[in-house]
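Just below is one structure, and these are the notes that go with it.
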Amino acid sequence: MARAPLTIAIIGAGIGGLTAAVSLHQAGFAVDVYEQAPELTEVGGVINMAPNATRVLYRLGLDQGLDRDAVRPHTTHQRRWQDGRTLQHAPLNPRCEELYGAPHLTVHRADLLAIIASGFPTERIHLGHRFVELVDKGNATEARFENGVRIVADIVVGADGINSAVRAALLGDDAPRFAGCVAYRGLVPVEHIADLELPLGSESWLGPGAHLVHYFVSRGRLLNFVGWTQHDTWNREDWTDRATIDRALAAFDGWHPQVRRIIAAADTCFIWALFDREPLPRWSFNRTTLLGDACHPMYPFMAQGAAQAIEDGAVLAACLTAAGADDPAETLRRYERLRRPRVTRLQEMSRANKIRYHMPDGPDQEARDTTWARAADRSPEALRWLYEFDAGRDVAEQLFGNPPCGTT
Ligand SMILES: Cc1cc2nc3c(=O)[nH]c(=O)nc-3n(C[C@H](O)[C@H](O)[C@H](O)COP(=O)(O)OP(=O)(O)OC[C@H]3O[C@@H](n4cnc5c(N)ncnc54)[C@H](O)[C@@H]3O)c2cc1C
């Protein structure tokens, strides 16, 4: 008689948790998702998604929503903060599809979350469930929630973000540390800046102690900007209460008129502080594991945090599909072994980019600009090791003994 599918409880319905849910559901597992929020929502944010992530989402059959709501930027352009001089310029679409069979997309987070959720049965997403406690029962794991609900599953996956309570239950509670950066974020209706005649691309402006990125989302109806500035301390009350457009303009005083014009045209402005953790030595314990920011938060300076959470879900599904119900604890350790080198590399590269992007003007910055002009290290070709990784296919090959792609 066929065995019942493994039951899998995912804690957290963010981009990572939902992608894992769809991947595991399609692979035939009995999946339930538990989310603390009363509704599925992502306020304000937007996201850059490289081919290594979009490949996973297209393969899950989410093309209709992606093709409807996301934008395919034609180019990526890095420029100097004061005079707009070009540092690097590279094609993105259709080049990424030609090279890697998947596009580079920019998308509003709320749209992305709704698109991924559309691939999973609504009744299996349990909202208003804040995870608080884990009990290892040997051949199963019990998860307890603040509302009194207790569930038992063959496998529990903590996909509950950088402040993960599942991580704290496994590894102890230590707070993430402030990474010395805050971001001013805003959305600009394109009709407010029509006179700028911006190309359909992603632009980054680099200056001393700061950089600002802007690109289109929501079918091209909105331009998103995120402007990062360095600060020694963070105090939530002080910052969030003063997240005004004037304050963002003051932070980018003296920058190129295009940058200041975009900030000034935003409807509202948000501030977001960046937090960080050291890479974890391990994240799978018996029948519980972690994914996404819960185990490998990274600075967004490679634009890969959500992309790696998406890869995690696909790799976890590939590992569990290959192993079936045999020894889930060993399968979770294998998943972790496959993922850790790649995500640790990206955590380190993202940290290094904070220094490279924020160099004070001077000889080091001039040397950086010269190197970039020669090497074009943001081009799709230069990022082959990152973009061509196929989380499903490459891991299936790895499970049969080939070296993991994207970790060398
Ligand atoms: C300003 C900024 C820009 C970024 N830009 C990019 C980009 O362009 N590209 C990219 O790939 N990445 C980007 N990132 C990184 C990306 O946002 C994260 O890596 C990604 O959202 C992580 O997804 P996740 O599902 O692991 O966690 P989250 O998105 O944090 O989701 C966690 C979920 O768990 C829920 N939860 C939390 N605690 C509990 C609990 N106790 N019980 C139940 N549920 C709980 C939360 O409510 C949430 O729904 C950016 C990050 C920032 C800050």
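The values are calculated or read from the model by the stated rules, or taken from the named source; none is laboratory data. Bear in mind that the values here come from a model prediction, so they are computed numbers and not experimental data. As a convention, Cβ positions derive from the backbone with ideal geometry for all residues, glycine included, and neighbour counts pool all protein chains shown. Heavy atoms of the whole protein, side chains included, go into the accessibility calculation; ligands, DNA and RNA do not. Shrake-Rupley method; radii C 1.70, N 1.55, O 1.52, S 1.80 Å.
What to note about this one:
- The value given for region 76-152 is a Kirkwood hydrodynamic radius of 17.6 Å, derived from the mean inverse Cα-Cα separation.
- Cα gyration tensor shape of region 270-392, rounded if a/c is under 1.5, else prolate or oblate by comparing a/b with b/c: prolate
- Prolate/oblate/rounded label for the chain (Cα gyration tensor, a/c 1.5): prolate
- Highest mobility in the GNM of the chain, judged by mean-square fluctuation with C-alpha springs under 10 Å and restricted to G254, G16, G362, is found for G362.
- Gaussian network model of the chain, Cα within-10 Å springs - most flexible of V135, V188, V31: V135
- Percent of alpha-carbon pairs separated by more than 17 Å within region 304-344: 26 percent
- Our compactness index for region 1-153, the C-alpha radius of gyration over the empirical 2.2 N^0.38 Å, is 1.31.
- D by Stokes-Einstein for region 262-330, Kirkwood Rh over Cα pairs, 25 °C, 0.890 mPa s: 165 µm²/s.
- Placing +1 on each Lys and Arg Cβ and -1 on each Asp and Glu Cβ, with no other charges, gives the chain a dipole about its Cα centre of roughly 520 debye.
- Scanning the chain for long hydrophobic helices, with DSSP H runs required to stretch 30 angstrom or more by C-alpha along their axis and to average at least 1.6 on the Kyte-Doolittle scale, returns nothing.
- The accessible area of E146, taken with all protein chains in place and a 1.4 Å probe, comes to roughly 120 Å².
- Of the solvent-accessible surface of the chain, computed with a 1.4 Å probe and all protein chains present, 50% belongs to carbon and sulfur.
- Rolling a 1.4 angstrom probe over the protein heavy atoms with all chains in place gives the chain an accessible area of 41 Å² per residue.
- Whether region 85-229 is rounded, prolate or oblate, judged on the alpha carbon gyration tensor where a/c under 1.5 counts as rounded: prolate
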